[in-house]
Amino acid sequence: MGHLRRNKRQMKNAVGAGKYGMAMQRILLYAAILAAWQLLAGAGILNDRILPSPSRIAESFLTLLLSQQLLVHVAASMERVLVGFFLSVLVAVPLALLLSTNSRMKYLLLPLVEFIRPVPPIAWIPLAIMWFGIGSTPSYFVTMIASFFPIFINTVSGVENVSREHLNVARCFGLSDGMLLRHVILPSSLPYILSGMRVGLGVAWMSVVAAEMIAAFSGLGYMITISQEMLQAHKVLVGMITIGVLGFALDNLMLRLKRGVIKWA
Amino acid sequence: MGVNTADPLIKVERVSLAYKGRNGEQVKALDNVSFDVNKGEVVSIIGPSGCGKTSLLSLMSGIIRPDSGRLLYKGEEVVSPSRERVIIFQNYVLFPWKTSIQNIEFVLMARKFDKSRLRSEAERYLKLVGLSDFSGMYPCELSGGMQQRVGIARALAADPEVLLLDEPFASLDPITRNIIQEELLSMVRKLNKTLILVTHNIEEALFLGSRVHVMSGQPGTIRETIDVRFDKPDHILELNKSKSYVDLANRIHELLISESVGEGSV
């Protein structure tokens, strides 16, 4: 387990390189992988229809970008995920606050939440199509369901983790229920809520792709499905890479938001 | 019934308290404790750890209720916490998400202060504890002594009748501790507040208190009450020059020692 405890500096010493040396090694590693991939494809060892070369993927990416097709799909997916996500925040946070501050509500409603939670978001897609047809609405619905649970569960544990001492201070200084919520419970659970939102946005992004593969005529999920049907592996890969990069960017944005908001930790 | 000025401000009457132990058994924390506190008085409660002195403070604030006996404040039974009796905590318990000034403002908000006066009034309390320059800092950016100063300012901002101090200096370094003890005493005298101090520090109990209740533990009872009748010096470190201080300190020391010896022979 010793290697797990090594910090960054020790890592650098271990490989005998400074900050730039490390970065260089990383760049070289990925460049080598890409070069090998390209060479294998060029030598005809890899089938272009199954695994296109990096240059083919890059070319396809540029074509899709210039024709603005890619942007249209990105915009469609992004819009769906953000709408679903924000609707989810609007429902999950107040509901979690209500349940965790009111034991009667908790008793009545928590079993329902716990029973729906294990159902994977994509299992909602058939019902979503039956209810809302094909288009953006099923995606709003599925992303909302997907991000609901991480946000809800985290908010509940945030409220459960408000320290007894802080609650005693609130009582001691005569805070009203409204003030207790605004000045103690909400800020105290905010780190939990934001962590839940971060996880929720990640799950929503994964689910929007799944929803679009079945229930939409636009978006990155639709783009990779239709490309598969047309046997355009390079477009499938462009779609997958775009999904990965944007998912990473969204996660990073949430992390920055959390650090920006939680100034006291 | 009207409040007679001759009545004590706080009356603790045969109060007992038990809590559930780890194995579900009842552990007696306080047994039949009675004493009075008059308005403007500074009372110290000293005892070994685990003698229930902190529970006693929580009872007086109204955060918890006794199992038997009653606590009267201004002749009426204490049934819930009130801003008239606020606690200053050993570990400060500031809200980490609020800056120094915000940690005071929320008390003024609870007191329904006009919004336009919040900031200036909070600044006044912060100035009282000498922290004007640190108003925008979060508790994690302040030293222990500064955090406790904010804790004191927050308590004063409630404009309470009674300050309940739960070993408020225990986690401070000796120098900071002495400075804040002296500041607090002069503030309390100036503002004419009633103060109840729970501590296990003999020097502190005698320097601040005009009366000292010495408690024995498990279950907590008041073993002896000592009236402190000597002229207090301005500085806590000068206490040792007073013969009556040394005698009282020795007396309390003996009581606490015999207590812990007795504990061992049970």
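Computed from backbone phi, the HN-Hα couplings of segment B:234-241 come to 6, 10, 4, 6, 8, 3, 4, 6 Hz, rounded to whole numbers (Karplus: 6.51 cos²θ - 1.76 cosθ + 1.60, θ = phi - 60°; Gly and Pro given as x). Largest GNM mean-square fluctuation across A:31, A:128, A:75, computed for chain A with C-alpha springs under 10 Å, falls on A:31. Sorting A:51, B:126, A:250 by the number of Cβ atoms found within 10 Å of their own Cβ, with the fewest placed first, yields A:51, A:250, B:126. Cross-link reach is defined here as a Cα-Cα straight distance under 25 Å, omitting same-chain residues fewer than 8 places apart; for residue A:19 the lysines meeting it are A:8. Result for chain A in a Gaussian network model with C-alpha springs under 10 Å: among A:224, A:116, A:241, the largest mean-square fluctuation is at A:116. The 3J(HN,Hα) values that the Karplus relation (6.51, -1.76, 1.60; θ = phi - 60°) gives for segment B:34-48 are, in residue order, 9, 6, 10, 10, 8, 4, x, 7, 10, 10, 9, 10, 10, x, x Hz. Gly and Pro appear as x. Listed cross-link partners B:74/B:98; B:53/B:193; A:263/B:115; A:258/B:98; A:106/A:263; B:112/B:190 are compared with a 27 Å cut-off, the Cα-Cα value being larger for B:74/B:98; A:106/A:263. Taking 19 Å as the straight-line reach from the Cα of residue A:235, the aspartates and glutamates in range (excluding those fewer than 8 positions away in the same chain) are A:48, A:59, A:212. Amide H contacts under 5 Å for residue B:9: B:37, B:38, B:39, restricted to partners 5 or more places along the chain or on a different chain, H placed in the peptide plane at 1.01 Å from N. Ignoring aspartates and glutamates fewer than eight residues from residue B:28 along the same chain, the ones with Cα atoms less than 13 angstrom from its Cα are B:67. Comparing mean-square fluctuations of A:149, A:85, A:173 from a GNM of chain A with C-alpha springs under 10 Å, the top value falls on A:173.
For residue B:130, the amide hydrogen comes within under 5 Å of no other amide hydrogen, counting only partners 5 or more places away or on other chains and with H modelled in the peptide plane. Distances between placed amide hydrogens fall under 5 Å for residue B:197 paired with B:43, B:44, B:45, B:165, all partners being 5 or more residues away or on another chain.
Along its three principal directions, the equivalent ellipsoid of chain B from the Cα gyration tensor extends over semi-axes of 30, 23, 19 Å, largest first. Per-residue 3J(HN,Hα) values for segment A:205-215, derived from phi via the Karplus relation 6.51 cos²θ - 1.76 cosθ + 1.60 with θ = phi - 60°, read 5, 5, 6, 5, 4, 4, 5, 5, 5, 10, 10 Hz in sequence order (x marks Gly and Pro). The angle between the Cα long axis of helix A:103-116 and the longest principal axis of the Cα atoms of chain A comes to about 20 degrees, rounded to the nearest 10.
Here, each number is a calculation from the coordinates, and none is a lab measurement. What you are looking at is a predicted structure, and each value in this text was computed from that prediction instead of being measured. Backbone-built Cβ (ideal geometry, glycine too); neighbour counts: all protein chains shown.
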